[in-house]
Amino acid sequence: MYGKDFEDELERVESRFPPERKRAALLLALHAVQRVKGFVPDEAVHWLAQRYDTSPADVQGVVSFYTMFHDRHPGRHVIWLCRTFSCQLLGAGAVMEAFAGALSCEPLGQDAKGEFGLRWMECLAACDKAPCALVDDDMYETLTPDSVSLVLDHVRKGGGGGRIVVEGGKPKLVPLDVPAPAGDSAVPRLGGR
Amino acid sequence: MAYENVLIKGCDDPANVTLDGYMKRGGWEVARKALKSRTPEEIVTLVKDSGLRGRGGAGFPTGLKWTFLPKGSTKPTYLAINADESEPGTFKDRYLLERNPHLLLEGVVLTCHAIGAKHAYIYLRGEFPRATKILQAAINQASAKGFLGKKIFGTDLTVDVSLARGAGAYICGEETGMLESLEGKRGYPRNKPPFPAVEGLFACPTIINNVETVMTVVPIVERGIDWFKSLGSEKNWGPKVWCVSGHVERPGIAETALGIPLDELLNEHFGGVRRGHRYKAAIPGGCSCGIMTSDEFGAKMDFDALRAVGSSLGTGGVMVFDETTCIPEALLNFTEFYAEESCGQCTPCRQGTGWAARILRRIVHGGGTMRDLDEVVRLANGFDGKTICALADAAAIPIRTYLKKFPQEFAEHVERGRCSLDVGLAACAGNLHFISGGH
């Protein structure tokens, strides 16, 4: 299912657990499914249920428990904007509205092309860089309403994360100071599109 | 005497995430020496006698926890590192993971040696893909060098380290919820007993420690108990990493000895309250701690002293509020958090946190009554202590303490139907009005 990279990845993550406990890799497998499809389709639920000798309902129960697993396509890139209090204090609400405006959709909605989806996330543990957002695998920090188009363009060009600073009255996106190494997953992020 | 950083040492240098960068600072030498010269019992005794208390929030004595492992068990023993840092206001573990991953791995090796574990799992939040990549790269480098895997440093010790990832669930920071998630299931906390030390991951003896806790084992083994007890005070010894956010001039990370007064911590390490404003309140260790008013900021930041002001140390994630902050809105934000993150297993929590959020929403945004102020506290007292895990207890603490310490603000909201603060970003414009209706 979903090609050799995907199956190799599954075997790799399953090898972290005792052979009779392969099912422990279910969350990691679901992350791999989402890298390919952008969400967890029914076919993957059934396929994984068979692989781990359990019921589709059991697998679906795991999908529905965790915020980051989607049972329908949430948009090619999900913008997880932190809503918890340090981010709220420093304007997360206005940043959400600005993203929605830039994408011509409702807050917590999805743009017409299905390119971006907007979601709230509970505390992203970057409270000193509030407001912040997780987009794909990358953090965007100290966001402002007038910087959202910079973030969208950056993600369209491949992303990598960054922080907004204001220079000469204008927002600018600068790289994070510790670069992230290459991905830990063998599965390219296709996002279903 | 100036404090010397031991946990965030090197964190401002991007090269510190690499094996070479870490070893240039003397990294991995503590484990290399200790594995050859100290028995597991010696390390357990050392950590027990140091009085190190867990840095994940509960403050349970780490060495004592290690001694709960059953003797003579035929099952494998596991070490599970809780890197599911998700207590609002807390970002020290993410900082440490992204900037000092080898210190964690060195602590893991020492801990595995001490408790007799051959396999450690590090459970990271799903929201930490960056930390996951950095840590996996560090594991790969350390394994290639023979610092992890079989025959570490030429000894007979085997320590395999594997990463696991959550997918967005606060409850998986609760230790047994984390174990369920590590087993590939919904993160429902388990009834205790049996405690994880007896029956944890895959029904085997398991020690669960927080990231910062395991990192702290390294300097304890290196420098000894006298050094450790030169920091802090009785039963609250050692170094502590603080993460401060909200209305301070320089939000971020600092490390000091435990027991520094909150006002000193904020003024000397984080630039004090943001310019032109004054302190109003703070939570000292994540939103599950009681709120402190500004006249309580002289309290010492340790596990015991904060109890005297109706709060607790928690994770050391300090959120600072200046006079523009609406306390009822803060409470609404946090209560919505608990309602969203309640796993749903226990009715008092599943229903109670949602009801509390709805009552608070009408208090904040209009339509609340004076009776609601008593009702929400009665509700909190009703779900506190009635559930499998401590999430409901954690949700009850802010409700009780915010209403107790700032009753006037809540009453004003009810009387005026809106916020009396008309300054700052936090004025209750309902700027998060598009949050879904909860449960």
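The values are calculated or read from the model by the stated rules, or taken from the named source; none is laboratory data. Note that this is a predicted model, so its numbers are computed, not measured. Methodologically, a virtual Cβ is constructed for each residue, glycine included, from the backbone with ideal geometry; neighbour enumeration extends over all protein chains shown.
Does the stretch A:12-20 contain any residue that is crowded, with 22+ Cβ neighbours inside 10 Å, among the small types (Gly, Ala, Ser) and either within 12 Å of another protein chain (Cβ to nearest Cβ) or in contact with a His (Cβ under 8 Å, 6 or more places away or on another chain) (or both)?
No, that holds for no residue.
Spot the failing condition for B:ARG275; the list is (1) part of a loop (DSSP other than H, G, I, E, B); (2) touching a residue at least 60 places away in the same chain (Cβ under 8 Å), and only one is missed.
With (1) part of a loop (DSSP other than H, G, I, E, B); (2) touching a residue at least 60 places away in the same chain (Cβ under 8 Å) applied to B:ARG275, the lone miss is (2).
Residue by residue, here is whether (1) facing another protein chain (nearest Cβ under 7 Å); (2) in contact (Cβ under 8 Å) with a residue 24 or more places away in the chain; (3) surrounded by 17 or more Cβ atoms within 10 Å (Cβ to Cβ); (4) farther than 30 Å from B:TYR78 by Cα holds:
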{"residue": "A:ALA49", "(1), (2), (3), (4)": "no, no, yes, no"}
{"residue": "A:VAL59", "(1), (2), (3), (4)": "no, yes, yes, no"}
{"residue": "A:LEU89", "(1), (2), (3), (4)": "yes, yes, yes, yes"}
{"residue": "A:PHE116", "(1), (2), (3), (4)": "no, yes, yes, yes"}
{"residue": "A:ARG119", "(1), (2), (3), (4)": "no, yes, yes, yes"}
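With respect to A:LEU26, determine if the residue is within 12 Å of chain B (Cβ to nearest Cβ) and within 20 Å of the chain's Cα centre (by Cα).
So A:LEU26 fits the description; yes.
Just give me the residues in the stretch A:107-166 being part of a strand (DSSP E or B) and over 25 Å from B:ILE134 (Cβ atoms), in sequence order.
A:GLN110, A:PHE116, A:GLY117, A:LEU118, A:TRP120, A:VAL166
Do you know which residues across the stretch B:273-315 are β-branched (Val, Ile, Thr) and farther than 18 Å from B:PRO251 by Cβ?
The answer is B:ILE291, B:THR293, B:VAL309.
Take the residues of the stretch B:340-354 that are in a helix (DSSP H, G or I) and more than 11 Å from every other protein chain (Cβ to nearest Cβ): which is surrounded by the fewest Cβ atoms within 10 Å (Cβ to Cβ)?
B:THR347
Hey, among the residues in the stretch A:67-87 that are over 14 Å from the mean Cα position of the chain (by Cα) and at the interface with chain B (Cβ under 7 Å from one of its Cβ atoms), which one's farthest from B:ALA339 (Cα to Cα)?
A:SER86
Of the residues B:GLY290, B:GLY316, B:GLY285, which single one is under 20 Å from the mean Cα position of the chain (by Cα) and on the phi > 0 side of the Ramachandran plot?
Residue meeting the stated conditions: B:GLY316.
If you check B:GLY26 against the conditions, is it under 25 Å from B:LEU313 (Cα atoms), more than 14 Å from chain A (Cβ to nearest Cβ), surrounded by fewer than 21 Cβ atoms within 10 Å (Cβ to Cβ) and out of contact with any Ser or Thr (no Cβ under 7 Å at 6 or more places or on another chain)?
Answer is no for this residue.
Looking at the stretch A:76-104, which of the residues that are of a type in the set (Phe, Trp, Tyr) and outside any strand (DSSP E or B) is modelled with the highest pLDDT?
A:PHE99
Filter the helices (runs of 4 or more DSSP H) completely within the stretch B:1-80 down to those with at least 1 residues that are more than 30 Å from B:CYS289 (Cα to Cα).
Ranges flagged: B:19-24, B:29-37, B:40-50.
If you go through the stretch A:140-160 one residue at a time, how many are surrounded by 24 or more Cβ atoms within 10 Å (Cβ to Cβ) and at pLDDT below 95?
The number of residues fulfilling the criteria is 0.
Please verify whether the stretch B:197-208 includes one or more residues that are in contact with a helix residue (DSSP H, G or I) (Cβ under 9 Å, 6 or more places away or on another chain), surrounded by fewer than 20 Cβ atoms within 10 Å (Cβ to Cβ) and closer than 28 Å to B:THR387 by Cβ.
yes
Only one of B:LEU157, B:LEU105 is more than 18 Å from the chain's Cα centre (by Cα), over 28 Å from A:PHE85 (Cβ atoms) and assigned to a loop (DSSP other than H, G, I, E, B); which?
Unique residue meeting the criteria: B:LEU157.
Please count how many residues of the stretch B:180-222 are part of a helix (DSSP H, G or I) and touching a residue at least 12 places away in the same chain (Cβ under 8 Å).
So the answer is 17.
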